[in-house]
Amino acid sequence: MKIFIDTADLQEIKEIASWGILDGVTTNPTLLAKSGRSFQEVIDTIFDLVDGPISLEVLSEKSDEMIKEAKGIVAKIPQKYQKNIAIKIPMTPEGLKAVKTLCKDGIKTNVTLIFSANQALLAAKAGATFVSPFIGRLDDNGQEGMKIIEEIMEIFCNYDIETEVIVASIRHPIHVIDAARLGADIATIPPDVIRKMIKHPLTDAGIKSFLKDWEKVKK
Ligand code: G3P
């Protein structure tokens, strides 16, 4: 399973990319606002940090405006990085129309705010490169989020659909394990959850005791 980082915090992306585990980045307007940086500042740097798909979201609601906005974003990125841009488009009829056109024009799309397998199927039919089902928000709403990942993986597998499934709105390390067990293509994970995935008290205790014992035998 590929691991994307779900943040627009450039320091966090830089640090965690240096561990050699990142395959891509997803952002959204909320994450950009949290980063305290302008959209321009983020896109000026983010492509240097990770060589993989980087999702940036459009805010327009009409398909022709979404397409214009998407092409405007692509135009701002240096040519050598344009292969890595994925335009995040909301799951609406207008969004699907935009996905169809962008797909025809060779621009990658990531259909976001997906909360059902039917939405994922329609996004894939329109030509989405990625779909992003939001697991944590379904859990928050009293519905088992991971269930729709199971359904989407089964449907996409039945028809050899090439659209990749990004498990999004991940809240804790168990979500990551469940996504991997279901064969999801990608999990996009907030930095704090990635840090939790690394930690184990027995690892820390093991290092401490090895260092202590080494003191007795070195020389
Ligand atoms: O990738 C989607 C994600 O950013 C949404 O997460 O925690 O706001 O539901 P959350």
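The values are calculated or read from the model by the stated rules, or taken from the named source; none is laboratory data. Since we're looking at a predicted model, the values are computed, not measured. Here the Cβ positions follow ideal geometry from the backbone for every residue, glycine too, while neighbour counts run over all protein chains shown. These area figures cover heavy atoms from the full protein model, side chains too; ligands, DNA and RNA do not enter into them. Shrake-Rupley method; radii C 1.70, N 1.55, O 1.52, S 1.80 Å.
Given the protein chains as shown and a 1.4 Å probe, how many square angstrom of Met66 are accessible, to the nearest 10?
0 Å²
Just to make sure I understand: if all protein chains stay in place, what is the order of Thr203, Thr101 by accessible area at 1.4 Å, largest first?
Accessible-area ranking of Thr203, Thr101, largest first: Thr203, Thr101.
Could you list which residues have their amide H under 5 Å from that of Ile186, counting only those 5 or more apart in sequence or on another chain, with H placed in the peptide plane?
Amide H to amide H, under 5 Å and 5 or more residues apart or across chains, Ile186 pairs with Lys2, Val165, Val167.
What list of ³J(HN,Hα) couplings, whole Hz, do you get for the stretch 116-127 from phi and the Karplus terms 6.51, -1.76, 1.60, once you set θ to phi - 60° and write x for glycine and proline?
Going residue by residue, I get 8, 5, 4, 4, 5, 4, 5, 4, 5, 4, 6, x Hz, with x marking Gly and Pro.
Report the FRET efficiency, 1/(1 + (r/R0)^6), for Asn141 and Met1, where r is their Cβ-Cβ distance and R0 is 35 Å, rounded to 0.05.
Computed FRET efficiency for Asn141 and Met1: 0.90.
If I compute solvent accessible area with a 1.4 Å probe over the protein chains, what percent of it on the chain is carbon and sulfur?
54 percent
Pop a pseudo-label 7 angstrom from the Cα along the beta-carbon direction at both Lys76 and Trp214 and give the gap in nm to one decimal.
So the label points at Lys76 and Trp214 sit 4.7 nm apart.
Mind jotting down the three principal axis lengths of the stretch 20-68 based on Cα atoms? Whole angstrom, largest first.
Rounded to whole Å, the extents work out to 39, 22, 17 Å.
Scanning the chain for chymotrypsin sites (Phe, Trp or Tyr not before Pro) in DSSP loops with at most 11 other Cβ atoms within 10 Å, what's the longest stretch left with none?
With chymotrypsin sites (Phe, Trp or Tyr not before Pro) excluded where exposed in loops, the chain gives 20-158 as its longest stretch.
Expressed in nm², what is the orientationally averaged projection area of the convex hull enclosing the Cα positions of the stretch 33-132?
Mean projected area of the Cα convex hull: 6.3 nm².
If you fit an axis through the alpha-carbon atoms of helix 145-158 and take the longest principal axis of the Cα set of the chain, what angle between them do you get, 0 to 90°, nearest 10?
Computed tilt is about 60 degrees.
With the calculation restricted to Cα positions, what are the radius of gyration and Dmax of the chain in angstrom?
For the chain, the Cα-based Rg and Dmax read 19.2, 72 Å.
Find me the longest stretch of the chain that has none of the exposed GluC sites (Glu not before Pro), where exposed means in a DSSP loop (not H, G, I, E or B) with at most 16 other Cβ atoms within 10 Å.
Counting at most 16 other Cβ atoms within 10 Å as exposed, the longest clean stretch of the chain is 62-143.
Can you tell me the accessible area per residue over the stretch 102-219, all protein chains present, probe 1.4 angstrom, in square angstrom?
58 Å²
Rounded to the nearest 20 Debye, what is the dipole magnitude of the chain about its Cα centre when Lys and Arg each give +1 and Asp and Glu each give -1 at the C-beta?
So the dipole magnitude of the chain works out to roughly 600 debye.
List the residues of the stretch 78-92 whose backbone N lies under 14 Å from a point placed 7 Å from the Cα of Asp48 along the Cα-to-Cβ direction.
It comes to 78, 81, nothing else.
What residue among Asp178, Asp23, Asp204 has the largest mean-square fluctuation in a Gaussian network model of the chain, using Cα springs under 10 Å?
Maximum among the listed residues: Asp204.
Mind checking the dipole of the stretch 127-219: about its Cα centre, +1 per Lys or Arg Cβ, -1 per Asp or Glu Cβ, Debye to the nearest 20?
Here the stretch 127-219 has a charge dipole of around 1060 debye.
Evaluate the charge dipole of the stretch 83-166 about its Cα centre and quote only its size in Debye, nearest 20, assuming +1 on the Cβ of each Lys and Arg and -1 on the Cβ of each Asp and Glu.
Result for the stretch 83-166 is approximately 500 debye, rounded to the nearest 20.
Got a sec? Charge dipole of the chain, +1 on Cβ for Lys and Arg, -1 for Asp and Glu; which of Ile89, Ile149, Ile73 is way out at the positive end?
Result: Ile73.
For the stretch 94-102, in order, what is each residue's ³J(HN,Hα) by Karplus, 6.51 cos²θ - 1.76 cosθ + 1.60 with θ = phi - 60°, in whole Hz (x at glycine and Pro)?
Listing the rounded values in order: 5, x, 4, 4, 5, 4, 4, 5, 5 Hz.
Where does helix 39-49 land angle-wise versus the long Cα axis of the chain, in degrees 0 to 90, nearest 10?
Approximately 50 degrees, to the nearest 10.
Taking the Cβ of Ile207 as the centre, find all other residues whose Cβ is under 14 Å away and add up their charges (Lys, Arg: +1; Asp, Glu: -1).
My count for the surroundings of Ile207 gives 0.
Going 7 Å from the Cα of Asp105 along its beta-carbon direction, which residues of the stretch 34-67 have the amide nitrogen within less than 19 Å of the resulting point?
Residues 54-67 fall inside that zone.
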